[in-house]
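The structure appears right after this line, and notes come after that.
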């Protein structure tokens, strides 16, 4: 998904529309869905983001400033599909069927065709991602809280941004935000917050039927966030 495009779409929504969108995104799924999310996350950490590195020089369009030789190289590069030839070379070098499965899965992901879990046999995907999955040590409950906070974050980012445009008189700001279409309870949850995530946690706690408090939700969100950041950083090293 294009994150910038998604942010632009969010900016065009009214508070009521944004509320409905976040509410839909935050719907609590059953346990199997969260198990699948953990499996997909393990796959993201197992399979690198790029199989073949692009050649910045040859992947640009021919330019009048290019030498004749470079122009020819670019044309050859474009029409002979150097990346495809490289894949064939790698496939020939693979030792065994499993290695070919993995290489093809990486290539399909690299080209944006499908994710490894959509291509690989279930048993092979589970075995390949098992180590990363165990290393995550993320509970289903924590993942549910993380999902809820992330789902509502755009709403509170918008609310806080609009609040900053209003006078600092608390009563006036609240009234104007509610008049603009923001939920009164959400405005109240964010009244002394400077960032979206603490406001979301306060909001979710106020709506919980399980007597959850805001620190519990925020700690769960932090645990998952730290895991994701740490594992992604490790993969990039």
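Just to be sure I understand the model, the point goes 7 Å from the Cα along the line to the Cβ. What's the resulting residue 175 to residue 67 distance in nm?
That separation, rounded to one decimal, is 7.4 nm.
Applying 1/(1 + (r/R0)^6) with R0 = 30 Å to the Cβ-Cβ distance of residue 12 and residue 184, what FRET efficiency is obtained, to the nearest 0.05?
FRET efficiency, residue 12 to residue 184: 0.80.
I'd like to compare 135-144, 35-44: which one has the highest average count of other Cβ atoms within 10 Å, and what's the full order after that?
35-44, 135-144
FRET efficiency for residue 100 and residue 211, Cβ-Cβ distance as r, R0 = 35 Å, nearest 0.05?
Once rounded, the FRET efficiency stands at 0.10.
Using 1/(1 + (r/R0)^6) with R0 = 22 angstrom and r between the beta carbons of residue 92 and residue 131, what's the FRET efficiency to the nearest 0.05?
0.20
How far, in nm, would the chain grow between residue 24 and residue 165 when pulled straight, counting 0.36 nm per residue and subtracting the alpha carbon separation?
Working it through step by step, the gained length comes to 48.0 nm.
Ranked highest first by average number of other Cβ atoms within 10 Å, how do 147-155, 94-102 line up?
The most tightly packed comes first, giving 147-155, 94-102.
Rule-based calculations on the coordinates, nothing more; no lab input. Model, not experiment: these values are computed from the prediction. We place every Cβ from the backbone using ideal geometry, glycine too, and count neighbours over all the protein chains shown.
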